[in-house]
Amino acid sequence: MKATIITIGDEILIGQIVDTNSVSIAKHLNAAGIVVREKLSIGDDRAQIVEAVERALSASEVTVVTGGLGPTKDDITKKTLAEMFRSEMRCDQRVSDHVERMLAERGIEFNELNRSQAMVPACCTVLFNAHGTAPGMWFERDGHVVVSLPGVPFEMEHLMQDEVMPRLKAHFSLRQIVHRTMITAGLPESMLAKRIEAWENALPPYLKLAYLPNPGAVRLRLSAYEVEGESVAREIDRQFEALRKIIPHNIIGFETATMQELVHKILTERGLTLATAESCTGGVIASRFTAMPGASAYFRCGVVSYSNESKVNLLGVNPADIARYGAVSEQVARQMAEGARRTAGADYGVATTGIAGPAGGSAEKPVGTVWIAVSSPERTVVLLKQCGTDRGQIIDRASAFAISLLRDCLNGK
């Protein structure tokens, strides 16, 4: 079973907004065993809409369209689909009453533009939108289904979950698609691939492996298409259990697991506390921990010591060492981590100091140079990393490396 996703809106094409709708729709469809063969983004143009939908109808059993269903003149999706399916427009009284009631609650006048939201093609099945004014629409042609949904993400999400997916499951005989993802850390993609090569080569032919690298982690996704889900899920579990024996120290968890969640769990279970001292990462490490519920049990404080003065005054870094070795150095990183731990009275201190760019680099210390330190009651471990050339990438990678180093120290490495 194949699907095409079409997102409509000039604002997508000019980069004014990020298209998150197609990501969410694809997840819903995949979970039901429908393979997304193509995603298209097009402008608010009648000819483009007709061309894209006709193309999708010829290649996919399911087409999901989002956007262009508002009350203004540039919202042309509904009218275009009515023309395509050779349908007159009719007023849906339930939608009209809902729109009028919703606008009254917001103190907005119910005018002709709002009333037009209740006008729908007579041939479609109306998908009631309890969270907005634009209804969804379900069309059928020669065994193919076209669904049109509003572009507002939370409205689209509710309609996909409450209306579209139950109808698709009832309309088609679907076989499952099974995905499971293992999260690994500590091995770059090429080294990981070499380490697990024999395991990969021995996988059953119906299981497909994908490598999905992220800063500080590589996700390994096993997928099977159009299968009996329960037996395949058991086989994937068996294969991942075999993989665990090959790289036992490099596995974080499954699906959306993160390194900070693993460290969060260790700190919580062991009753340990943490403080951070960040220069080039600007508080990102602290924010990753404090974003998790329960972080208050172990997170003592975070210091963003961007200036040399703050490194000296807040963390006790020796100014002579800054003068001699520079702020981006092993010596300063070490003292920052130890200073954070001492000042906060924490069990562990994590520190970063580096050059995030785009300026400030040199031949000796190019942009992307980051020193990372973790201090514990027993020792302080310092690590030098080259984290790339883009500022955002450097901050992201350095933060990931620092949390990974903390995990290693917690595990006695």
Restricting to bridges with both residues inside the chain, how much of the DSSP beta-bridge set is antiparallel, in percent to the nearest 5? 60 percent
So, relative contact order of segment 156-256 in percent, Cα under 8 Å, 6 or more apart, is 40 percent
Of ALA323, ALA398, ALA82, which has the largest mean-square fluctuation in a 10 Å C-alpha GNM of the chain? ALA323
If contacts are Cα pairs under 8 angstrom and at least 6 residues apart, what is the relative contact order of the chain in percent? 11 percent
With a 1.4 Å probe and every protein chain kept in, tell me what percent of the accessible surface of segment 181-265 is carbon plus sulfur. 53 percent
Greater than 18 Å separation of Cα atoms is the criterion. Which listed pairs, LYS265/LYS385; LYS27/LYS169; LYS79/LYS169; LYS311/LYS413; LYS2/LYS39; LYS2/LYS169, meet it? LYS265/LYS385; LYS79/LYS169; LYS311/LYS413
Over segment 1-153, what is the relative contact order in percent, taking alpha-carbon pairs closer than 8 angstrom and at least six residues apart? 25 percent
Cα-based helix-to-principal-axis angle, 391-410 vs the chain, degrees rounded to 10: 60 degrees
For the chain, longest principal axis from Cα atoms; helix 259-270 axis from its Cα atoms; angle between them, nearest 10 degrees, is 60 degrees
Neighbourhood charge, 13 Å Cβ-Cβ cut-off, centred on THR256 and excluding it, Lys, Arg +1 and Asp, Glu -1: +2
Gap in Å between the Cα centre of segment 375-413 and the Cα centre of segment 70-130? 54 Å
Residue order for TRP199, TRP371 - accessible surface, 1.4 angstrom probe, largest first: TRP371, TRP199
Using a 1.4 Å probe on the protein heavy atoms, what percent of the accessible area of segment 278-334 belongs to carbon and sulfur? 52 percent
I need the calculated FRET efficiency for the pair ASP237 and MET292, taking r as the beta carbon distance and R₀ as 25 Å, to the nearest 0.05. 0.40
Does segment 92-189 come out rounded, prolate or oblate by the C-alpha gyration tensor, with a ≥ b ≥ c the root eigenvalues, rounded set by a/c under 1.5 and, if not, prolate when a/b is larger than b/c and oblate if not? oblate
Taking only the alpha carbons of segment 137-203, what extent do you get along each of the three principal axes, in Å, biggest first? 50, 29, 17
Rounded accessible area per residue of the chain, 1.4 Å, Å²: 47 Å²
Given the -39500 (n - 2.57) contribution per DSSP H run of 4+ residues, what per-residue ellipticity at 222 nm results for the chain, rounded to the nearest 500 deg cm²/dmol? -12000 deg cm²/dmol
On a C-alpha basis, how far is the centre of segment 15-54 from the centre of segment 221-258 in Å? Whole number, if you could? 29 Å
When DSSP beta bridges are limited to those with both residues in segment 1-87, what percentage is antiparallel, rounded to the nearest 5? 0 percent
Please work out which option in [x] 26, 61, 13, 0; [y] 22, 38, 33, 7, 0; [z] 23, 48, 25, 5 gives P(r) over Cα pairs in 20 Å bins from 0, in percent calculated from these coordinates, and answer with its label. [y]
For the chain, modelled as a GNM with alpha-carbon contacts under 10 angstrom, which of CYS387, CYS280, CYS123 fluctuates the most? CYS123
Once you sort the root eigenvalues of the Cα gyration tensor of segment 194-245 as a ≥ b ≥ c, which label holds: rounded (a/c under 1.5), prolate (a/b larger than b/c) or oblate (the other case)? prolate
Given a 10 angstrom Cα cut-off, can you work out which residue in ASP74, ASP162, ASP142 is the most mobile in a GNM of the chain? ASP142
SER190 accessible area, assembled protein chains, probe 1.4 Å, Å²: 90 Å²
GLU54 accessible area, nearest 10 Å², 1.4 Å probe? 70 Å²
Using a 1.4 Å probe and ignoring any ligands, DNA or RNA, find the accessible area of ARG341 and quote it in Å² to the nearest 10. 60 Å²
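The values are calculated or read from the model by the stated rules, or taken from the named source; none is laboratory data. Fair warning: this is a prediction, and the values are worked out from it, not measured in the lab. When we count neighbours, we look across all protein chains shown, and the Cβ atoms used for this are built from the backbone with ideal geometry, even at glycine. Ligands, DNA and RNA are stripped out before the accessible areas are found, and what is left, the full protein with its side chains, is counted by its heavy atoms. Shrake-Rupley method; radii C 1.70, N 1.55, O 1.52, S 1.80 Å.
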